[in-house]
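K.L.:
Pasting in a structure now, in C-alpha cells, and then I'll have a few things to ask.
The values are calculated or read from the model by the stated rules, or taken from the named source; none is laboratory data. The structure presented is a predicted model; accordingly, all values stated were derived computationally and were not measured. Neighbour counts are summed over all protein chains in view; Cβ atoms, including those assigned to glycine, are modelled from backbone coordinates with ideal geometry.
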Amino acid sequence: MRRLLGLLLVYGLFLAQVLLTPWGPDLVVLAVLAFALHESRAWATVIGFLGGLLLDTASAGSFGAATFVLAGAGWLAALLHSVVTRGRWYIVVLSLLVLALRLAVARLAGAGLPPLLPLAVSAGLTVALAVPFELLIGRLFYRQ
Amino acid sequence: MHPRRLGNWQDRFALVLAALGLVALLLPRPLRFQLAARAGAVLLAPLRSLEETRAGSRRLREENRRLELLAAELALENARLHSLDRAAGPPPLTGRDLVRAPVISRDLATLRRYLVVSRGNRAGVSPGAPALAAAGVVGTVIATTPNQALVQSLHAPESRVAVTNRRSRVPAIARALGVELLMLDYVPKDSDFHPGDTLVTAGLGGIFPSGLPVALVTMARDDPAALFKTVHCRPLAAIARLEALFVLRIPAGAAADPDDDWLDNLAPTGTLLPENR
C-alpha cells in the first residue's frame, strides 16, 4: 500500500512538474531519490525506472535517457543507503549527479540543450530541496 | 532489508530495468517519438482534461457575458415596445446602445451604494446615463473620467427613480431605505400595491426608458396615522453581487435638460459625490 501511494505521489509530482515552468525544481528526481533511500535495491530501481519513464514521455527526443539514468540512480541510492548508515549528505550529490547524467545522456541521444539559466536555477532548486524533501518523505511514508 | 552483498537477484533485476532504459534510448529516433507520444497521450490525460475544463469554463464565461448583454438588450427592447404601445408615453429612444462595464470598485461602507466601473468617456459613457443589469435597473452614472465612471445605485440615499406598478399602473417615486431595500414616496392610501408586484421605470424625463424592471414589492401597509401608504420593495438587480453592468450610451443632444431635476433620475446634477461631502 505504501509503495502504491509512493508511485501515485511520483505520478502526481510528474503532473505538477509538467505544469511548472522550466525554472522549477525536478520533483520527480527528488521523489525517486527520497523513496530509494528507504526501499530495497529492487524496489528503488522500479521507482526510478517508472519515474524516468514518466519524464521521458514529456521529452520525446531523448526517450529512454531519464529511464536509464533514474533506474540506475534509484539502485545506487538504495545501495549507498545500505552502506552509509549515517547522514543523508549523499542525496545532494546524487541529485546533482542524476541531473548532469540525464542531460549528458539526452545530449548523446541527440536531444538539444535547454536554455542555460532556467536549467541552472532548476538544478539549484533541486539540490537545495533534496534533503528537506527526503526528510518529508521519511516522515510521511516511513514515520522516521 | 538492505542486503549488502552485491550481485544478488535485486541487482540483476535493477540491471535488467536499466538495460531496458538503454534499449529505449538506442531505438531509432522516429520509433522513440512514437513511443513517447503514445505513452504521453495516456499519462498526460489528466492534464489534458484539466485544460479542457479550463477552456470550457472560459467558454461558458464568454457565453454568460454574451447572454447577459442579450438579456439587457431584450429588456431595453421590451421597454421600447412598451413605450410604443402607450400613446401617452414618451417617444421611443433611438440610437442608444449598451456598454458592458466591469465593476472595479465599490463604496467601502455598504458595497452597494456607489460603484466604479472601468468604462468612461472614451467608451461613450456620460453622466446621467442609466446603468442596468440583466435583471433590472442598477442606477445612474453621476461622474466620468476617460476610462472610469461612478455609478450611483438605487441604494444611494440621494437616488430617486420614478416607477410604475406594472400591474395597477400606479406611479410612485422609489428611494433607498436602509442598505438593502427601497421605499416608495407619495403613494396614495387608496392605491393598489401588493407584495409581489413588479415596479418598472415610469419613463418620465427620457433618461430611463419606461418599462425597465426596477424592484419587487415586499410589503404594502396602510397605516391609519400616515398620509401615504407604506410600500417597501427590493431591487431586482443584485447590486451587491454585480461583477459587471451595462451602461446605456446616450447620443449627443439626447440627454435630459439638467435644470429639469424635479425627479432625480432625470439629471442627477445636484448630487454630491461621496468624496465632496
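K.L.:
Return yes when A:Arg139 is part of a helix (DSSP H, G or I) and within 14 Å of chain B (Cβ to nearest Cβ) and no when it is not.
P.N.:
no
K.L.:
Another question about this same structure. If I filter region A:109-127 down to residues being part of a helix (DSSP H, G or I) and touching a residue at least 12 places away in the same chain (Cβ under 8 Å), which single residue comes out as surrounded by the most Cβ atoms within 10 Å (Cβ to Cβ)?
P.N.:
For region A:109-127, the residue satisfying everything is A:Thr126.
K.L.:
If B:Val179 meets every condition in (1) at pLDDT 90 or above; (2) under 21 Å from the mean Cα position of the chain (by Cα); (3) not polar (S, T, N, Q) apart from one, which number is that one?
P.N.:
Here B:Val179 clears every test but (1).
K.L.:
Still on this model: It is to be established whether one or more residues within region A:2-20 are surrounded by 15 or more Cβ atoms within 10 Å (Cβ to Cβ), at pLDDT below 90, outside any helix (DSSP H, G or I) and under 12 Å from the mean Cα position of the chain (by Cα).
P.N.:
no
K.L.:
Of the residues B:Ala79, B:Ala75, which single one is more than 11 Å from chain A (Cβ to nearest Cβ), assigned to a helix (DSSP H, G or I) and in contact with a Pro (Cβ under 6 Å, 6 or more places away or on another chain)?
P.N.:
The match here is B:Ala79.
K.L.:
Take A:Leu54 and tell me if it is part of a helix (DSSP H, G or I), at pLDDT 85 or above and under 25 Å from B:Arg54 (Cβ atoms).
P.N.:
The answer is yes for A:Leu54.
K.L.:
Only residues that are over 21 Å from A:Leu19 (Cβ atoms) and more than 10 Å from chain A (Cβ to nearest Cβ): list them for region B:34-58, please.
P.N.:
Residues satisfying the conditions do not exist here.
K.L.:
List, please: which pairs have Cβ atoms under 6 Å, are six or more places apart or on different chains, and start with a residue in region A:45-66 that is more than 7 Å from every other protein chain (Cβ to nearest Cβ) and end with one that is surrounded by fewer than 24 Cβ atoms within 10 Å (Cβ to Cβ) and assigned to a loop (DSSP other than H, G, I, E, B)?
P.N.:
A:Gly61/A:Ala111; A:Ser62/A:Ala109; A:Ser62/A:Ala111
K.L.:
Test each condition in (1) of a type in the set (S, T, N, Q); (2) out of contact with any Asp or Glu (no Cβ under 6 Å at 6 or more places or on another chain); (3) within 11 Å of chain B (Cβ to nearest Cβ) for A:Ser95 and report the one that comes out false.
P.N.:
Every condition holds for A:Ser95 apart from (3).
K.L.:
Answer yes or no as to whether B:Phe246 is modelled with pLDDT of 80 or more and touching a helix residue (DSSP H, G or I) at 6+ places or on another chain (Cβ under 7 Å).
P.N.:
yes
K.L.:
From B:Ala41, B:Ala101, which residue is over 30 Å from B:Pro130 (Cα atoms) and either at pLDDT 80 or above or in contact with a strand residue (DSSP E or B) (Cβ under 7 Å, 6 or more places away or on another chain) (or both)?
P.N.:
From the options B:Ala41, B:Ala101, the qualifying one is B:Ala41.
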